[in-house]
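Notes follow the structure.
The values are calculated or read from the model by the stated rules, or taken from the named source; none is laboratory data. Note that the structure is predicted; figures quoted are calculated from it, not measured. Ideal geometry is used to build each Cβ from the backbone, glycine not excepted, and the neighbour counts take in all protein chains shown. In case anyone asks, the SASA skips ligands and DNA or RNA and just uses the protein heavy atoms, side chains included. Shrake-Rupley method; radii C 1.70, N 1.55, O 1.52, S 1.80 Å.
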Amino acid sequence: MPKVRCYQNILIIFCFFVYFFPFKAYGFDPRLLVFLFFFIYMIKDGLLLNRKVKCRYIKTLFYPVLMSLFTVLSSVVNTITENTFIIFPFQVIYLLLLSYCIYYITKRFCKVISFYVITRYFLMTLVVQSVIAIVMFVNQPICLFLFDLQGIDLTSRVIKMYFGVRLIGLGCFYFGAGAIYGLGLIAIMPFMLKAKNKQQLIKLILLYVYIFIVGIFFARTAMIGCVFSIVYLIFCILIPKMCNKVFLVFRQFIIYLTVFGIALVFIYTSSPKLQEDYGDIIDFGFEAFINLVENGELSTASSDGLTEYHLSIWPQNQKTYYIGDMRWTKGDSYYGDSDVGYVRLLFYFGVPGVILFLLYQYSIVRISGLIFKERILSFFFFTVFFYALILLIRVY
C-alpha cells in the first residue's frame, strides 16, 4: 500500500469516526463535512457524478423497501403512523452514499482498497475513540466540554447512574459502543491469520486485549464480540490449507492472552491507588468475571434482568404477530416494555416484518461475501451476521 501522509490519515480516520460514531457538535452534523470533502476531491480530480451504480448496491434496498411498504400497510390497518421503518430505505440510501464518499476519499489516498485497508482504518478509529473516552473519564473539564458539545444532559437519570462508572465517548454510548468494539474484536482475527511473524501476532494480541478492555468499560456487550471472535478463529480450521496456521494462532492467542490477563490482574490487585481511583469502572467492566470467581456464575446484573424480565414479555394480541401494532415507543420507554430487539420488532410490524429485517441482514452478508471471495473473509462476514443475530436478543 502506498505511503499515506499524516494529514491524509487524519482525514480518513475522521471520516470513519463520524460514520461509526455519529454526533452533533452544537447542533452541527460533522458527517456533512465528509460529503463536502468528497465533492472537493471529485472536482479536484476532474470527475463528474455520472458513474453507474452497480446492481448489487441497488439490491441492498430490496428488503428495506419491502419493510417500508409492509409498514405502510400495517399503518393503514392499525390507523397509526409511526415512521421508524417507513423511512428506513432512505436511511440505507444515506448510509450507502456516505460509505461511498468515505470509500472514494480512502481510495484516493491509498490507491488500492481491500478489506484489510478498510478494517485497519476501522481499528484505528476504535483506538482514537478509546483515547478520547479515557481522557474524558480522567479529566472532568474535558468531559464536561465534550458533553456540552454533544448536548448531553448531565441531569438525566442514565448519565447520573453511569457517570464515573463506565466510559462515555464522543458519539459513543452504552450498548452501541459495546457492539462496535465487539465487532472490532472479530475484525482483528483475519489480521492474526495473516500475520507474517510472531512479533506482528503479539502486537495484534495486545491490540485485541486493549480493545476488549476498553469495550467492556463502554458496555459488557463487547464480551459477545470476544466469544464470536474465538468462534470465528476455531471455524477457520475448516478452510483448506489453513489448519496449521489456525492452530498456531490459537495457541499463541491463548498463551499471550493468559499472560497479559495475569499481568493486568497482578498490577491492579497490588496497587491500592488504582483500586481506589478506578475500582468502580473495574467492577462494572469485569462484573461477569468477578461473579464467576465469587459465585461460580458468569453473569451480570443486566444479563440477569434480560433473562428474568425482558425475555418474558411477548405480545398478547394475536393480531400483533401477523401485522404488528405499529408502535416503537410509549412515552419515555419502549412499547411493550421490552428491551429485546426481536420483541420490539415483533411489536412494531409482526412476524413478517421481523423476517424481512433478518433477510435484509443476511442479504448484506451475502453481497459482502461475493465481493470478497477469500474464504477467511466469507467466514468473517457470516460470523458478523450471527453476531448481529445474537445482539438482537440483547437490544435492537
Label assignment, Cα Rg over 2.2 N^0.38 Å derived from the structure, set (1) 1.00; (2) 1.04; (3) 1.10
(2)
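Based on the mean of other Cβ atoms within 10 Å per residue, sort peptides 361-368, 92-99, 226-233, 209-216 so the most packed one is first. Each step should come with its number before you reach the end.
Details: 361-368: 16.4, 92-99: 14.9, 226-233: 19.6, 209-216: 22.0.
Averaged packing, sorted descending, gives the order 209-216, 226-233, 361-368, 92-99.
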Give me the one-decimal nm value for the distance between modelled label points at LEU69 and ARG251, 7 Å along each residue's Cα-to-Cβ direction.
5.6 nm
Approximate spin-label separation LEU144-LYS54, in nm, with each point projected 7 Å along Cα-to-Cβ:
5.0 nm
Rg and Dmax of region 57-114, Cα atoms only, in Å:
16.3, 53
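If r is the Cβ-Cβ distance from THR155 to MET242 and R0 is 56 Å, what FRET efficiency results, to the nearest 0.05? The partial results should precede the final answer.
On the way: r = 54 Å, r/R0 = 0.96.
Computed FRET efficiency for THR155 and MET242: 0.55.
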Extension gain (nm, one decimal) between ILE234 and TYR26, 0.36 nm per residue minus Cα-Cα
70.3 nm
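Compute, for the chain, the length of the dipole vector about the Cα centre, with Cβ point charges of +1 (Lys, Arg) and -1 (Asp, Glu) only. Units Debye, rounded to 20. Before the final figure, lay out each step's value.
Values: 34 positive and 19 negative charges, 499 e Å.
For this selection, approximately 2400 debye.
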Where a Cα-Cα gap under 17 Å defines reach, which lysines qualify for LYS107, not counting those fewer than 8 residues away within the same chain?
LYS3, LYS44
Over the chain, with every protein chain in place, what whole percent of the accessible area is carbon and sulfur at 1.4 Å, could you tell me?
68 percent
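Solvent-accessible area per residue for the chain at a 1.4 Å probe radius, Å²?
Roughly 53 Å² per residue, with all protein chains present.
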So which residue, out of THR155, THR79, THR258, gets the largest mean-square fluctuation from a GNM of the chain using Cα contacts under 10 Å as springs?
THR155
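Set the bar at 21 Å for Cα to Cα. Now go through LYS198/LYS245; LYS24/LYS59; LYS241/LYS373; LYS24/LYS111; LYS196/LYS241 and name every pair that lies beyond it.
On the way: LYS198/LYS245 12 Å; LYS24/LYS59 31 Å; LYS241/LYS373 16 Å; LYS24/LYS111 31 Å; LYS196/LYS241 16 Å.
Flagged as over cut-off: LYS24/LYS59; LYS24/LYS111.
Efficiency by 1/(1 + (r/R0)^6): what FRET value for ASN197 and THR79, r their Cβ-Cβ distance, R0 = 56 Å, to the nearest 0.05?
0.30
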Computed log₁₀ I(q)/I(0) - Debye formula, equal Cα scatterers, no solvent, region 156-240, q 0.18 Å⁻¹:
-0.76
So if we plug the beta-carbon distance of TYR321 and ILE87 into 1/(1 + (r/R0)^6) with R0 = 41 Å, what FRET efficiency do we get, rounded to 0.05?
0.95
If each of TYR210 and MET124 carries a label point 7 Å out from its Cα toward its Cβ, how far apart are those two points in nm?
1.3 nm
What is the list of residues in region 224-263 whose amide nitrogen lies under 19 Å from a point 7 angstrom out from the Cα of ILE282, following Cα to Cβ?
258-263
Of the candidates ARG220, ARG166, ARG120, which one comes out as most mobile in a Gaussian network treatment of the chain with C-alpha springs shorter than 10 Å?
ARG120
